[in-house]
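Participant: Take this structure, written in structure tokens, and hold onto it; I'll ask about it next.
Every read-out reported here was derived from the displayed coordinates using simple, explicitly stated rules and does not represent laboratory data. For clarity, every value in this text was computed on a predicted model and none was experimentally measured. Here the Cβ positions follow ideal geometry from the backbone for every residue, glycine too, while neighbour counts run over all protein chains shown.
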Amino acid sequence: MAKISMQTIADHLGLSKYSVSQALSGKPGVSEETRQRVWAAAKTLGYRLGKSDSELAAAATPASYILIWIDERQAQDPAYWGRVLSGISAGASALGWHYVMTSGSGGNSGRPSFPHYLDEGLCLGHLIVGRMPTASVASIYQMGQPVVLIDHRDPLIEADSVFNDNAESGARLVRHLAQAGRRSLLFVGDDSFAVSFRDRWTGCRQAVEELGGRTSGCVLRKLTIRYKETGWQDNLGRKAEQLLAEHDIDAIVCANDHIALELIQLLKKRGVDIPGRCAVAGFDNIEQAAYFDPPLTTIELAKEVLGYRGVEQLARRRENPGALAERIALSSRLVVRQSG
């Protein structure tokens, strides 16, 4: 009988060998549906791992592992979430743990269910990365293994969380802009997209209040976009330009660098001088921010460290299962560049 290889599975399903490899290793780059199809085909065809496959994750080996739950859209973002996942990988490697990624989109109820192709008894615990509805977090929590939330908090779930201190980061950015003489500020974001977006807005608002608000001449307004939806950029430049004119906005704080870079391009096309007429700043300090025109003022937030600390907290939770849930906030750093 001919040896069954990853190429055999790929040919059988009409996929690339790369996609099969990513699916078997539990790595990003393929959908949950594709991952399950690959595993079903591997089982049906009698695929066995050889020595060359020793680096595949726990989904493909009879070893214990941690299960990483992450939205597919976030898993495809290398600038921020890709670096968080790199930190998780490094942390797991340091402890000798394997890991498997899943989108959490399975289950007939619409809530996450344990992947059928994995041995639940070998699961060391769960890392929930980024936003997830409370009902979904509760479903994972009820699976019985330790749970740690990364860059997300849920007040209704008694689970550990490791997150960036986004509220203080927002306050730091507003204080910087105020010290630079900017008094009419606009925040652009989408509170429904992530807890981090909401916390950044809260921090900005609190900083303005601490500065004395209108009595100090410092005013903060808000422009809500539909960041979760395709085409969220549509009309953003027009709306921002309109607010600039109506309220003499001289600084815009965007909920992340992605929004900020898009907005700078849109405003420049409309003849708005950045930062002469209006400063623009963001959060995350993604790689493109340093090389943009003009380079973006932003907040440097933990990425690899965020993932690494999440793994460390999961290990701590395994050692102390009865301890009170912990909330670990990581500090940030202001990076001042030419945009503001």
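Participant: Placing +1 on the Cβ of each Lys and Arg and -1 on the Cβ of each Asp and Glu in the chain, which of 70, 14, 162 has its Cα farthest towards the positive end of the resulting dipole?
Facilitator: Ranked along the dipole, the leading option is 14.
Participant: Once the convex hull of the C-alpha atoms of the range 166-300 is built, how many Å³ does it hold per residue, rounded to a whole number?
Facilitator: Spread over its residues, the Cα hull of the range 166-300 gives 95 Å³ apiece.
Participant: Any idea what the dipole of the chain comes to, in debye rounded to 20, about its Cα centre with Lys/Arg Cβ at +1 and Asp/Glu Cβ at -1?
Facilitator: The dipole of the chain has a size of about 260 debye.
Participant: Using only the alpha-carbon atoms, how far is helix 195-210 inclined from the longest principal axis of the chain? Give it as 0 to 90 degrees, nearest 10.
Facilitator: Here the helix axis deviates by roughly 20 degrees.
Participant: Follow-up. Over the chain, with a Gaussian network built from C-alpha contacts below 10 Å, which listed residue (46, 203, 310) shows the highest mean-square fluctuation?
Facilitator: Between 46, 203, 310, it is 46 that shows the largest mean-square fluctuation.
Participant: Using amide H atoms built 1.01 Å from N in the peptide plane, name the residues 5+ places from residue 326, or on other chains, whose amide H lies under 5 Å from its own.
Facilitator: Distant-sequence amide H within range of residue 326: 160, 161.
Participant: With each pseudo-label sitting 7 Å past Cα toward Cβ, what's the residue 79-residue 268 distance in nm, one decimal?
Facilitator: For residue 79 paired with residue 268, the spin-label model returns 1.4 nm.
Participant: Hey, how many Å between the Cα centroid of the range 117-150 and the Cα centroid of the range 300-321?
Facilitator: Taking the Cα centre of each part, the range 117-150 and the range 300-321 sit 14 Å apart.
Participant: Pairing the Cα long axis of helix 236-247 with the longest principal axis of the chain, what angle in degrees results, from 0 to 90 and rounded to the nearest 10?
Facilitator: 30 degrees
Participant: Using only Cα atoms, find the angle between the long axis of helix 81-95 and the longest principal axis of the chain, and express it within 0 to 90 degrees, rounded to the nearest 10.
Facilitator: Value to nearest ten degrees: 50.
Participant: Compute the relative contact order of the range 166-300 as a whole-number percentage, counting only Cα pairs closer than 8 Å that sit 6 or more residues apart in sequence.
Facilitator: Reported relative contact order: 25 percent.
Participant: Related question: In the structure displayed, which of 222/269; 17/228; 228/303; 43/303; 43/228 lie more than 27 Å apart, Cα to Cα?
Facilitator: Table pairs above 27 Å Cα-Cα are 17/228; 43/303; 43/228.
Participant: Using the scaling law 2.2 N^0.38 Å as the reference, what is the normalised Cα Rg of the range 274-331?
Facilitator: My calculation over the Cα atoms of the range 274-331 gives 1.73.
Participant: While we're here: When a footprinting reagent is the concern and you count Cβ atoms within 10 Å, what order do 143, 101, 132 take, fewest first?
Facilitator: 143, 132, 101
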